[in-house]
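Just below is one structure, and these are the notes that go with it.
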Amino acid sequence: MTLVKKFIEDVDKNDFFILAAQVRKDGEVADEWTRFEAKPRFELYSVGKTFIGAAAGLALEEGLITLDERVMESFPEASYDITNENAADITVRDLLTMRTGLSETMFWRDGYERKHVRDWVRFFYTDGKFDQKPGSAFLYNNANPYILGCLIEKKCGQNMREYLRYRLFEPIGIHNVEWTSCPMGHTIAANALQLNVDEVGRFGQMLVNGGEYKGKRILSEEYVKAMTTSYSVTGEFIPGDPPAAAGYGYQTWIDPVNHASYMWGIFGQYCVMLPEKNAVVSVIALEKSDGGSNGVYATSPLRKLIWEDLVTQV
């Protein structure tokens, strides 16, 4: 019995709702299951964060941004009357690692401000609770990748879709990218990116390859190592007996047990990258038990099954 077949059988036993599952091995699709033969795109929620992490690597290489630049200096129109020193000291590095000093989350998909606030950059500075020094504490937050995306857009003069079109998307076979914008026209870099299982798997393969895809260098190997290095211990977990704490890199979750990194979006969006095995495990789902409201998440039984049937067995 193949890995994916057993996984889908266990999915059915648990009444989980899966849209696609795929295992890549040694650069090729080794096994997969899809609910729809045409493999349509679906929103992968916070998987989009890892793409903005990659975008930051490209912007660093091009000299558009630096890790230690103070972000506020690029948004005087939104922060002109802000005197909070913590807000003023936030750097690109802090945005990447989710350590901006915020004590409360912002811009969740079901949050009030997402539906009612027009200028999200201004709102970030006026309503953000910057109670801690940047770099001191981890708080997973949609505001951080969104602001990072806005910064790159401002520096390059393009929206994120266009900036990444020929630098990342086209070289790995993702065409006519669908990525939602906020009311002010900025790409919602925290989420809202629509992909199919092949596309997210190819992105994961590029990271497994240390920044290369089919012989073409996309990101520097040094940056991919930095991206997949843990800078914080989080409240998320790696399935096991007992479960282990997940780490967090540059907009990427870290699995220290299986020497892996992974992208995760609510409702069961996973792309797990295992460089030591040259393998990528991708799952797309609409599973209510994997997720929550406003960033408050319960332990995911689907994640446990993905790790037991696929990640540790590939």
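Calculate one ³J(HN,Hα) per residue across region 275-283 by plugging θ = phi - 60° into the Karplus curve 6.51 cos²θ - 1.76 cosθ + 1.60, and present them in order as whole Hz with x for glycine and proline.
Here the 3J(HN,Hα) series is x, 5, 9, 6, 9, 9, 10, 10, 9 Hz.
For the chain, what does -39500 (n - 2.57) per DSSP helix run (n ≥ 4), summed and divided by total residues, give at 222 nm, in deg cm²/dmol to the nearest 500?
Details: 12 runs with 96 residues, N = 314.
Estimated from H runs of four or more residues: -8000 deg cm²/dmol.
Please calculate how many Å² of accessible area the chain carries per residue, with a 1.4 Å probe and no DNA, RNA or ligand atoms counted. Let's see the in-between values first.
Details: 12950 Å² over 314 residues.
For the chain, the per-residue accessible area is 41 Å².
Let me know the Kirkwood hydrodynamic radius for the chain, please, with Cα pairs as the basis and the value in Å to one decimal.
Its Kirkwood hydrodynamic radius stands at 19.6 Å.
With the calculation restricted to Cα positions, what are the radius of gyration and Dmax of region 123-268 in angstrom?
That works out to 16.4, 49 Å for Rg and Dmax.
For region 204-277 and region 1-55, what is the separation of their C-alpha centers, rounded to whole Å?
With region 204-277 and region 1-55 each reduced to a Cα centre, they are spaced 16 Å.
Just subtract the alpha-carbon distance of Glu73 and Lys225 from 0.36 nm times their residue separation and send over the number in nm, one decimal.
Extra length from Glu73 to Lys225 when fully extended: 51.9 nm.
Which FRET efficiency value, to the nearest 0.05, is calculated for Asp12 and Lys216 with the Förster distance at 25 angstrom and r the Cβ-Cβ distance?
Here the calculated transfer efficiency is 0.05.
Please list Arg165, Arg303, Arg217 in order of solvent-accessible area, largest first, computed with a 1.4 Å probe with all protein chains present.
Descending order: Arg217, Arg165, Arg303.
Starting from 0.36 nm per residue, how many nanometres of slack lie between Gln194 and Phe36 once their C-alpha separation is accounted for?
Taking 0.36 nm per residue and subtracting the Cα distance, the gain is 55.3 nm.
So what is the relative contact order for region 47-170, in percent, with contacts set as C-alpha pairs under 8 Å and at least six apart?
Details: 158 pairs, mean separation 36.6, N = 124.
This gives 30 percent for region 47-170.
Pop out the carbon and sulfur fraction of the accessible area of the chain as a percent, whole number, probe 1.4 Å.
48 percent
Regarding region 7-52, what is the average projected area of its C-alpha convex hull, in nm²?
Working: hull surface 18.0 nm².
That works out to 4.5 nm².
For Ala137 and Glu276, calculate 0.36 nm times their separation in residues minus their Cα-Cα distance, and state this gained length in nm to one decimal.
Using 0.36 nm per residue and subtracting the Cα-Cα distance, I get 47.0 nm.
Calculate the tail of P(r) for region 96-146: the fraction of all Cα-Cα distances greater than 17 Å, expressed in %.
Result: 29 percent of Cα pairs exceed 17 Å.
Find the Cα radius of gyration of region 109-193, compare it with 2.2 N^0.38 Å by division, and give the number to two decimals.
1.20
Test of understanding: express the Cα radius of gyration of region 40-93 as a ratio to 2.2 N^0.38 Å, with N the residue count.
Dividing the Cα radius of gyration by 2.2 N^0.38 Å gives 1.45.
At q = 0.15, 0.20, 0.21, 0.22 Å⁻¹, what log₁₀ I(q)/I(0) does region 1-116 have when each alpha carbon counts as one equal point scatterer in the Debye sum?
Calculated log10 I(q)/I(0) at the listed q: -0.92, -1.19, -1.25, -1.32.
Give me the Kirkwood hydrodynamic radius of region 67-155, using the inverse of the mean 1/r over all pairs of distinct Cα atoms, in Å to one decimal.
In region 67-155 this quantity evaluates to 12.9 Å.
I'd like the orientation of helix 3-13 relative to the chain: the angle between its Cα long axis and the longest Cα principal axis, in ° from 0 to 90, rounded to 10.
The answer is roughly 80 degrees.
Averaging over all projection directions, find the projected area of the Cα convex hull of region 198-301 and quote it in nm² with one decimal place.
Its Cα hull, projected and averaged over all orientations, spans 7.0 nm².
Using a basic spin-label model with each label point 7 Å from the Cα along Cα→Cβ, how many nm lie between Met184 and Thr299?
Going from the Met184 label point to the Thr299 one covers 4.1 nm.
The values are calculated or read from the model by the stated rules, or taken from the named source; none is laboratory data. This is a predicted model, so every value here is computed, not measured. Positions of Cβ are generated from backbone atoms using ideal geometry, with glycine treated the same way; all protein chains shown enter the neighbour counts. Keep in mind that these areas ignore ligands, DNA and RNA; they rest on the heavy atoms of the full protein, side chains included. Shrake-Rupley method; radii C 1.70, N 1.55, O 1.52, S 1.80 Å.
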